[in-house]
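Just so it is clear, none of the values below were taken in a lab; they were calculated from the coordinates. In this text, all values refer to a predicted model and were calculated from it rather than measured experimentally. All Cβ positions, glycine included, derive from the backbone under ideal geometry; neighbour counts span all protein chains shown.
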Amino acid sequence: MSDPSSADRPKAKSVRPLASLLPFLKPYRSVLAWAMVALLLASGSMLALPVALKHLVDRGMSAGDADTIDIYFITFLGVAVLFGAFAAMRFYLVTWLGERVVADIRAAVYRNIVRMDPQFFEVTRTGEVLSRLTTDTTLVQSISGVGISIALRSTINLAGSIVMMGVTNLKLLGLILIAMPTVIVPVIALGRKLRKLSRSSQDRIADTSGLAGETLNAIQTVQAFTLEDLNVRRYDQAVEASFDIAVVRTRVRAWLTALSTTLVVAAITLVLWFGAHQVLADKMSGGELVQFLLFAVYAGVAAASLSEMWSEVQRAAGAMERLVELHHATPAILSPAVPQALPAVTPGAAAGRVRFEGVRFHYPSRPETPALDDFTLDIAPGETVAFVGPSGAGKSTTFQLLLRFYDPQHGRVLLDGIDIASADLHAVRSRIGLVPQDTVLFGASARENIRYGRPDASDAEVEAAAQAAAADEFIRALPEGYDSFLGERGLRLSGGQRQRIAIARAILRNPPLLLLDEATSALDAESERVVQEALEQLMRTRTTIIIAHRLATVLKADRIVVMDQGRIVASGTHADLIASNPLYARLAALQFNDRGTALL
């Protein structure tokens, strides 16, 4: 998928993107039907008011009888009450419908976004996605509920008023029909310009959201490097760009409103002038002129409302187009239509055989540099293998491919003898437990953060996993224990505490294949010893792959694989590699002879 934030993305050329609302409206056909009934009844009551007023003027007033006048006034009031009741019913139903549809759209877009692969997020800023889920859906809400109601009501009132004006006086109607093109043509012309400006305005708003989200997510880095002023200037520039486009859009919309209102009022004035002369010539009654006047006002208000709504429709169409892009975005990594089943895992037995078979892979952003080059490796079930090597050697890429965040350009990755590209994506990932170097915690309680490893786990299982990860003591010391809120991204905890939560999450998942990306790097010596013992217990009946930046953590691995520039350059035990591989010997010397602080 191309970058949705790019300046040259296609613009909405029509309101056709709003057709994408139909699948979201379909489940609520009955609500829509009742809203239409209320709308028709309200419009019918409204169109009956001028007729009631005509009879009041021509018959009630001319009768000169108070009782007769009272009857007509009561009738007129009754019609008004019906109009109010049906209008209220319509408003409630269409407002409910708009809220419901927008909620469904947000859920559907989010449901698709969370399934997108890393390639999508390489070119799409998170802030822009959030802008679409909030600002754009708000615009769609304005048209999917009340907006549709206003448009339909105005259309019905306009059509009904025109018909009733024809019934009242064809000559006056003829004058209005002649004047109509002078109103419609300018509205359409300005509406097209407004549509383009609306889409551009939403793009700029998304840019500001993306910039703000990016900065706030890295606020400590921004402040550490004293970049506050730089980022404020960048944000100010983005806000000003958004404001400038919004001003132009508002100016065009103001001209559209002023022009359409002026032309409508001018047309009605011309018609009324002619009608007044008709009354003076006794060619129509005063009641008929009043009736025609009200219908003309109805028509004018309806036409002005439709012109106003047209600008909202243009904005909503642009917003819906942007939402449809996200809703229809397809990840590059998908499960096959007919996935191959992975072998069943027998409880207690070693599982998780892994094979990299002639893998060659480069990241889409770096097509000229292979991250893995002719990478072949067999890992037996229950074996613990450590990957070591300098930064950029391709160690983390092996995890990216095993989790199938990417597919290799050449070769295969097999899990328990099955090519993971031919297996169900979720089935593959459900067999893998990951403890990343950069721990990710969510804005939830400690209990819920651990339970992410297995959402159906009981409280007792969660607490047992925390105990195994040496996390139970500090969790219970929190103000509300396991139910304590950890803050956004777990900022209420230290780095070592966050890492122990992540380890507990992996222990709770209890997967056949465990991936440890320097899982104890943020722990103090005592905690590292305790957690290492827990990990050793966990690793006994499962395959474990460790990415090691500190060689002290891999001395007990069954096999150490030395990587450099995407290739395997040596493999063996620590003692064997010290004696036979210069690269490993140099890395070991740097760490064990230089206070063990060098990063690889």
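The table below lists the values:
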item	result
Qualifying aspartates and glutamates (Cα of each under 20 Å from Cα of K283; at least 8 residues distant if same chain)	D58
Net charge dipole size for region 330-387 [Lys, Arg +1 and Asp, Glu -1 on Cβ; Debye, nearest 20]	180
FRET efficiency, W96 to V569 (Cβ-Cβ, R0 60 Å, nearest 0.05)	0.35
Kirkwood-type radius of region 442-503, with distances r between different C-alpha atoms, in Å	11.2
Förster radius 56 Å - calculated FRET efficiency between K556 and T250, Cβ distance, rounded to 0.05	0.25
Rounded FRET efficiency, nearest 0.05, which uses the C-beta distance separating A329 from K171 and R0 of 56 Å	0.45
Amide H contacts of S571 (H built 1.01 Å from N, under 5 Å, at least 5 apart or other chain)	V562
Set of aspartates and glutamates with alpha-carbon distance to K26 below 13 Å, sequence-local pairs under 8 removed	D104
Full-extension gain in nm, S494 to R476, via 0.36 nm per residue minus C-alpha separation	5.0 nm
Per DSSP, loop trypsin sites (Lys or Arg not before Pro) in region 369-430 with at most 16 further Cβ within 10 Å	none
Taking all pairs of distinct alpha-carbon atoms in region 307-394, Kirkwood radius in angstrom	18.7
Computed label-point distance, nm, for sites A444 and A224 using a 7 Å Cα→Cβ extension	2.8
Rg in Å to one decimal, and Dmax rounded to a whole Å, for region 364-404 via C-alpha atoms	11.7, 36
Amide hydrogen neighbours beyond the local backbone of L372, cut-off 5 Å, H modeled	F361
Estimated inter-spin distance, F121 and A266, nm [label 7 Å along Cα→Cβ]	5.7
Theoretical gain in end-to-end length, F405 to A159 [0.36 nm per residue, Cα-Cα removed]	82.9 nm
Cα-projected label distance for A464 with S422, points at 7 Å along beta-carbon direction, nm	3.7
Debye log10 I(q)/I(0) for region 222-307, one point scatterer per Cα, at q = 0.16, 0.19, 0.21 Å⁻¹	-0.76, -0.88, -0.96
Extension reserve of the V279-L25 stretch, reckoned as 0.36 nm per residue once the Cα distance is removed	86.5 nm
